[in-house]
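No lab work stands behind these numbers, since they all come straight from the coordinates. Just so it is clear, the model here is predicted, and its values are computed rather than measured. When we count neighbours, we look across all protein chains shown, and the Cβ atoms used for this are built from the backbone with ideal geometry, even at glycine.
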Amino acid sequence: MKKSELAQAKIRRIRPPAFEHINRQIPPEPHTAMYVWHKYWSRKTWNVVGEHIKTYTREHEVVFDPFAGSGVVAVEAVRNKRRAIVCDLMPVASRITELTLRPLNTTKLLEAFQRVRERVQKKIEDLYIIYCVKCGKPLVADCFVREGDELREVRYKGCPHCEHRCETKCAPRPKDVGALAELESKRIKEWYPKNQLYYDDGTPFMKKEHFDSLDQLFTKRNLRAVAMLYEAIEAESSRCCANFSKELSRRSFICVRG
């Protein structure tokens with residue numbers, strides 16, 4: 001259309017569609033598996049969001065959420081045959097939304113998991129080998145208790161050699177303490193994040209406690225294990241499987257300071 005024609009064109013008045021507003025309470029339903037595979041906070045109740053989408057939009061219309069969080073609005077829009085445009089300042093929120101919506105071949109994901117385990121399981125387990133407080137033979141510990149940087153207790157469900165259980169108040173052997181000190185003195189060659197726990201203007205994060213960067217939330221041994229796991233996942237050729245594996249490992253691999 002030419003400019004002269006555009007100036008003379010008549011634009012019809014847009015009439016907003018009539019809605020029958022929701023004037024009742026919508027009983028919240030428990031979150032389904034789709035929404036509890038991650039730990040992102042402030043999840044809105046899915047069925048309440050879905051009812052609002054169905055009431056105030058028509059099929060194939062676009063739903064926009066500029067504060068998407070973990071993507072409840074996006075998921076419910078798609079489930080109810082709408083299109084969605086969502087965004088969030090938090091990269092992890094955008095990743096969770098993407099992975100929740102993206103189709104995935106679970107067989108291929110399981111195969112990727114097996115490959116990652118083959119690459120890194122033995123290496124990670126070797127980091128946590130101690131010696132049974134009863135028989136003195138090696139085993140993989142389940143838990144370590146520290147006070148500051150000092151190792152005070154080791155715990156394991158059962159020694160594979162003598163079946164001795166060590167659930168509390170088991171002091172580590174001197175060679176376990178020495179092995180840990182030697183391990184934590186070595187440089188970690190794998191990549192790991194060192195993000196500062198401050199905003200761009202220098203203001204500290206509210207919950208940063210006495211830590212200054214992300215890597216300080218982990219013991220050196222746990223940081224090394226996480227770095228090994230990340231490197232093994234990154235070796236996967238399928239980006240979709242790799243991204244899923246990284247998010248799932250965040251849930252299952254608890255490696256903060258203890």
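General observations
- Extension gain for the segment Thr32 to Leu197, taken as residue separation times 0.36 nm less the Cα-Cα distance, is 56.1 nm to one decimal.
- Helical contribution to [θ] at 222 nm, DSSP H n ≥ 4, -39,500 (n - 2.57), averaged over the chain, rounded to 500: -12000 deg cm²/dmol
- Between Gln114 and Arg13, the contour length at 0.36 nm per residue exceeds the alpha carbon distance by 30.4 nm.
- Overall form of the chain per C-alpha gyration tensor (a/c, 1.5; a/b vs b/c): prolate
- In this structure, Ser213 and Tyr40 have a Cβ-Cβ separation that, at R0 = 22 Å, corresponds to a calculated FRET efficiency of about 0.50.
- Relative contact order computed over the chain (Cα-Cα under 8 Å; 6+ residues apart), in percent: 13 percent
- Residue among Met228, Pro160, Tyr198 farthest towards the positive dipole end of region 106-252, charges placed on Cβ: Pro160
- Global form of region 29-156, assessed from the alpha-carbon gyration tensor, a/c cut-off 1.5: prolate
- Peptides 115-121, 48-54 ranked from most to least packed by the mean count of surrounding Cβ atoms within 10 Å: 48-54, 115-121.
- Placing +1 on the Cβ of every Lys and Arg and -1 on the Cβ of every Asp and Glu, with nothing else charged, gives the chain a dipole about its Cα centre of roughly 700 debye.
- DSSP bridge orientation in the chain - percent antiparallel, rounded to nearest 5: 75 percent
- Short-range pairs are left out: with C-alpha atoms under 8 Å and at least six residues apart, the relative contact order of region 22-101 is 27 percent.
- Summing Cβ point charges (Lys, Arg +1; Asp, Glu -1) relative to the Cα centre of region 106-252 gives a dipole of roughly 500 debye.
- For region 22-101: rounded, prolate or oblate by the Cα gyration tensor [a/c cutoff 1.5]: oblate
- Residue-wise HN-Hα coupling along region 116-130, computed from phi with Karplus coefficients 6.51, -1.76, 1.60 (Hz; x: Gly, Pro): 4, 4, 4, 6, 10, 4, 4, 5, 6, 4, 4, 5, 10, 6, 10
- Spatial separation of Cα centroids for region 159-216 and region 73-90, in angstrom: 38 Å
- FRET efficiency, 1/(1 + (r/R0)^6) with R0 41 Å, evaluated for Gln25 and Glu59 via beta carbons: 0.95
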